[in-house]
Amino acid sequence: MLYRARRRAAAHGWDNVILIQADMTTLDPSIIGAHIRDSGGSAASEAALATYSLSLMPHWRTAWKNMTTLLRGDARVCVVDMQYPIGRARWLAPLARLACALGGADITAHPWQAVEETCTDVTSASTRGGHLQIRAGRLGRPTT
């Protein structure tokens with residue numbers, strides 16, 4: 001993914017893109033922030049998006065904490081992830097469980113809850129019979 005992102009940034013002349021390969025569950029946010037600053041960026045980003053990624057991490061709450069530590073206090077965040085289908089679509093639960101297991105995701109993780117727990121102005125949506133959950137909000141920490 002980094003290779004493709006580098007190629008895309010170069011093709012479009014995006015010189016404000018800083019790509020970093022790191023494990024969000026074990027990284028030190030201060031080291032990553034310093035690397036971003038040294039590369040010409042701001043150590044505190046204005047937004048973050050986690051799509052179908054947090055449920056792949058056994059310690060996704062640590063990843064969430066590290067990710068949000070690298071953000072401004074009022075940054076926008078969005079999490080898109082999966083759960084068992086609900087309502088009339090619940091008969092698809094075995095297929096959803098299999099697809100998540102094959103991809104290495106924990107369908108019971110529910111990482112969008114971190115947005116609900118730590119953000120303000122939360123927008124909530126779901127699709128595919130509730131299987132896909134989307135949450136967006138604004139961190140509620142004071143900006144320094």
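Among residues belonging to the range 45-56 that are without any contact (Cβ under 8 Å) to a residue 40 or more places away in the chain and under 28 Å from Leu102 (Cα atoms), point out the one that is most open to solvent (accessible area, probe 1.4 Å).
Leu49
Could you grab the pairs with beta carbons closer than 6 Å, sequence gap of 6+ or different chains, first residue in the range 94-107 and touching a residue at least 40 places away in the same chain (Cβ under 8 Å) and more than 15 Å from Val80 (Cα to Cα), second one assigned to a helix (DSSP H, G or I) and open to solvent by 70 Å² or more (accessible area, probe 1.4 Å)?
Within 6 Å, the pairs are Gly104/Leu56.
For the list (1) open to solvent by 70 Å² or more (accessible area, probe 1.4 Å); (2) touching a residue at least 12 places away in the same chain (Cβ under 8 Å); (3) assigned to a helix (DSSP H, G or I), I need the number of the one condition that Thr68 fails.
Failed condition: (1).
Considering only residues that are small (Gly, Ala, Ser) and in contact with a Leu (Cβ under 9 Å, 6 or more places away or on another chain), which ones fall in the range 29-68?
Correct list: Gly33, Ala43, Ala44, Ser45, Ala47, Ala48, Ala63.
Right, Val122: part of a strand (DSSP E or B) and crowded, with 16+ Cβ neighbours inside 10 Å or not?
no
Of the residues in the range 1-25, how many are assigned to a loop (DSSP other than H, G, I, E, B) and free of Cβ contacts under 8 Å to residues at least 12 places away in the same chain?
The total comes to 6.
Inside the range 93-119, can you point out the residues that are crowded, with 17+ Cβ neighbours inside 10 Å and either of a type in the set (A, V, I, L, M) or part of a strand (DSSP E or B) (or both)?
Matches in the range 93-119: Ala96, Ala105, Ile107, Ala109, Ala114, Val115, Cys119.
I'd like to know if the range 93-102 contains one or more residues that are farther than 22 Å from Met1 by Cα, modelled with pLDDT of 90 or more and among the small types (Gly, Ala, Ser).
Checked the range 93-102: no residue is farther than 22 Å from Met1 by Cα, modelled with pLDDT of 90 or more and among the small types (Gly, Ala, Ser).
Identify, from the list Ser30, Ser42, the residue that is surrounded by 10 or more Cβ atoms within 10 Å (Cβ to Cβ), in a loop (DSSP other than H, G, I, E, B) and out of contact with any Phe, Trp or Tyr (no Cβ under 9 Å at 6 or more places or on another chain).
Just a single option satisfies the conditions, and that option is Ser42.
Residues being closer than 18 Å to Gln133 by Cβ, open to solvent by 50 Å² or more (accessible area, probe 1.4 Å) and touching a residue at least 60 places away in the same chain (Cβ under 8 Å): count how many of those fall in the range 71-92.
Residues in the range 71-92 being closer than 18 Å to Gln133 by Cβ, open to solvent by 50 Å² or more (accessible area, probe 1.4 Å) and touching a residue at least 60 places away in the same chain (Cβ under 8 Å): 1 in total.
Can you name the residue in the range 43-101 that is under 15 Å from Thr127 (Cα atoms) and of a type in the set (S, T, N, Q) and is also nearest to the chain's Cα centre (by Cα) among such residues?
Thr51
The values are calculated or read from the model by the stated rules, or taken from the named source; none is laboratory data. Treat the numbers as computed from the prediction; the structure is a model and nothing was measured. Cβ atoms come from the backbone with ideal geometry, glycine included; neighbour counts cover every protein chain shown. SASA here: full protein model, heavy atoms, side chains in, ligands and nucleic acids out. Shrake-Rupley method; radii C 1.70, N 1.55, O 1.52, S 1.80 Å.
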